[in-house]
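Trainee: Below is one structure. I have some questions about it.
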Amino acid sequence: MYSAQVSHIAKSFGKTQAVADVSFAVERGEIFGLLGPNGSGKTTTLRVMLDVFKPERGTVSILGGPMSEEKKERIGYMPEERGLYQDMPLERCLVYLATLKGVPAGEARGHLAGYLERFDLAAHKGKKVKELSKGMQQKAQIINTILHRPELVVIDEPFTALDPINTQLVKDLMKELRDQGATIIMSTHQMRQVEELCDRILLIDDGRDVLYGHLGEIRRQYSGHAVLVRLAGELPTVAGVEQVLPHNNAAKLMLAEGTTPQDVLRALMAQDVILEKFEIAVPTLDEIFIRVVEEGDA
């Protein structure tokens, strides 16, 4: 069963078509990446999915059917904009918000203590939210999203304002939640985090889904006919190589039609080179993102 299914939704605000035609399904127990350039319709798609906005067209199924008040207690949603009560002490604020999701105050306080320690916020629990740094408030938002132990977690830009150490803490937490059976939908611009965390992705551009599926399959689909090679010494001439490009500490060999990576490997080994690296060139998600969006603009 899917945790979320979205089918051909559309949503406008006046004359602005925020979402034109978006469809996807999120499997239970996966981390799913929702990507797209600024203004592409990602946040509106999430809000339609969560019943914040009503779609003008299309259907949404959440946790096996239409959204209900009961289901909202089984969902954790963190919008990109901070939504904590700024004038409340941190601990009191997070416990109160958990009670709105049906968690008894004592139980929420017990769960919260561990998260505050883990995210280095325990010493700040008596401070008003507005007195915390942006990074601390971001961590508090994440804790608020998961404190009631939701089945479905929807996070918009989870790594904003976080340093590398706290970014890793959040990534570790997301993996733990997934391993415990939670489903996570993550919208972010940080492609490196998507590559590390997500099994499947959806790329939205101009309010439409333009790329959808397993990340590994998408990368293979967009891989060029090339190999990455690093040698101890000069790179010899190899039949079937049309162009040699620098690539970090290696060379990217662009292959002619009909030439396989195995052909190049055999040719190199026949010349007794000392081969330090040889792999099929696979594009990064950043490169795929830029290529797809530019092709759509064209």
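Trainee: Taking K and R as +1 and D and E as -1, what net charge do the other residues with C-beta under 9 Å from the C-beta of LEU231 add up to?
Mentor: Local charge sum for LEU231: 0.
Trainee: So what J values fall out for the stretch 80-89 if you push phi through Karplus, 6.51 cos²θ - 1.76 cosθ + 1.60 with θ = phi - 60°, rounded to Hz, Gly and Pro as x?
Mentor: 5, 7, 5, x, 7, 6, 5, 9, 9, x
Trainee: Sticking with this structure for a sec: Helix 164-179 sits at what angle to the longest principal axis of the chain, using alpha carbons and giving 0 to 90 degrees rounded to 10?
Mentor: For 164-179 against the chain, the angle is about 80 degrees.
Trainee: Turning to a different aspect of this structure: When ranked by the protection proxy of mean other Cβ atoms within 10 Å per residue, highest first, what sequence do the peptides 23-35, 1-13 form? Show your work: numbers first, answer last.
Mentor: Working: 23-35: 20.0, 1-13: 17.8.
Ranking, from highest mean packing down: 23-35, 1-13.
Trainee: Counting alpha carbon pairs within less than 8 Å and at least 6 residues apart, what relative contact order, in whole percent, applies to the stretch 144-298?
Mentor: Numbers: 186 pairs, mean separation 31.5, N = 155.
Relative contact order of the stretch 144-298: 20 percent.
Trainee: Give the angle, between 0 and 90 degrees and rounded to the nearest 10, that separates the Cα long axis of helix 105-118 from the longest principal axis of the Cα atoms of the chain.
Mentor: Approximately 30 degrees, to the nearest 10.
Trainee: Sequence neighbours fewer than 8 away in the same chain don't count; with that in mind, list the lysines whose C-alpha is under 19 Å from LYS130.
Mentor: Those lysines meeting the cut-off are LYS139.
Trainee: Compute the helix-to-body angle for 285-297: its Cα long axis versus the longest principal axis of the chain, expressed 0 to 90° and rounded to tens.
Mentor: Rounded to the nearest ten degrees, it is 90.
Trainee: Pull out the extension gain between ARG192 and LYS127, defined as 0.36 nm times the separation in residues minus the alpha carbon to alpha carbon distance; nm, one decimal.
Mentor: Details: separation 65, 0.36 × 65 = 23.40 nm, distance 3.34 nm.
Once the chain is fully extended between ARG192 and LYS127, it gains 20.1 nm.
Trainee: Something else now. What FRET efficiency comes out for ASP87 versus GLN221 if R0 is 45 angstrom and r is the Cβ-Cβ distance? Round to the nearest 0.05. Provide the component values of the computation, followed by the final result.
Mentor: Details: r = 51 Å, r/R0 = 1.12.
Taking R0 as 45 Å, the efficiency between ASP87 and GLN221 is 0.35.
Trainee: Okay, next question. Hey, what do the phi angles of the stretch 6-17 turn into as Karplus ³J(HN,Hα) couplings, whole Hz, using 6.51/-1.76/1.60 and θ = phi - 60°, x for Gly and Pro?
Mentor: 10, 10, 6, 7, 9, 8, 10, 10, x, 8, 8, 8
Trainee: Collect residues whose amide H, placed 1.01 Å from N in the peptide plane, falls under 5 Å from the amide H of ARG57; neighbours closer than 5 in sequence don't count.
Mentor: Close amide H contacts, sequence-distant or interchain: ALA10.
Trainee: Percent relative contact order of the stretch 20-125, based on C-alpha pairs within less than 8 angstrom and at least six residues apart? Can you show the working numbers first?
Mentor: Details: 43 pairs, mean separation 14.0, N = 106.
Normalised by residue count, the contact order of the stretch 20-125 is 13 percent.
Trainee: Mean separation of Cα pairs under 8 Å and 6+ residues apart, divided by the residue count of the chain: what relative contact order is that in percent? Working shown, then result.
Mentor: Working: 525 pairs, mean separation 60.8, N = 298.
It rounds to 20 percent for the chain.
Trainee: Okay, moving on. Cα-Cα over 20 Å: which of LYS71/LYS125; LYS15/LYS42; LYS71/LYS101; LYS171/LYS252; LYS134/LYS171?
Mentor: On the way: LYS71/LYS125 29 Å; LYS15/LYS42 18 Å; LYS71/LYS101 10 Å; LYS171/LYS252 32 Å; LYS134/LYS171 18 Å.
Violating the 20 Å Cα-Cα cut-off are LYS71/LYS125; LYS171/LYS252.
Trainee: Another one. So for the pair ARG230, THR99, with labels modelled 7 Å out along Cα→Cβ, what separation do we get in nm?
Mentor: Simple spin-label model gives 5.8 nm for this pair.
Trainee: Within 10 Å, Cβ to Cβ, of CYS93, how many net charges do the neighbouring residues add up to if Lys/Arg are +1 and Asp/Glu are -1?
Mentor: On the way: positive: ARG92, LYS125, LYS128; negative: ASP87, GLU91.
Neighbourhood net charge equals +1.
Trainee: Could you give the length gained on full extension between THR237 and LEU265, defined as 0.36 nm per residue of separation minus the Cα-Cα distance, in nm?
Mentor: On the way: separation 28, 0.36 × 28 = 10.08 nm, distance 1.24 nm.
Result: 8.8 nm gained on full extension.
Trainee: Next question. Could you give the dipole magnitude of the chain about its Cα centre, charging the beta-carbon of Lys and Arg +1 and that of Asp and Glu -1, in debye to the nearest 20? Please list the in-between numbers first.
Mentor: Values: 35 positive and 42 negative charges, 235 e Å.
Around 1120 debye, computed over the chain.
Trainee: With runs of 4+ DSSP H residues as the only contributors, calculate the mean residue ellipticity of the chain at 222 nm using -39,500 (n - 2.57) per run, divided by the residue total and rounded to the nearest 500.
Mentor: Values: 10 runs with 103 residues, N = 298.
Only helices count here, giving -10000 deg cm²/dmol.
Trainee: Determine the sum of side-chain charges near GLU81: Lys and Arg each +1, Asp and Glu each -1, restricted to other residues whose C-beta is under 15 angstrom from that of GLU81.
Mentor: Working: positive: LYS42, ARG47, ARG82, LYS130, LYS134; negative: GLU80, ASP156, GLU157.
Within the 15 Å Cβ shell, the charges total +2.
FYI, it's all coordinate maths here, none of it is from the lab. Since the structure is predicted, the reported quantities are computational estimates derived from the model, not experimental observations. Neighbour counts run over all protein chains shown; Cβ positions are idealised from the backbone, glycine included.
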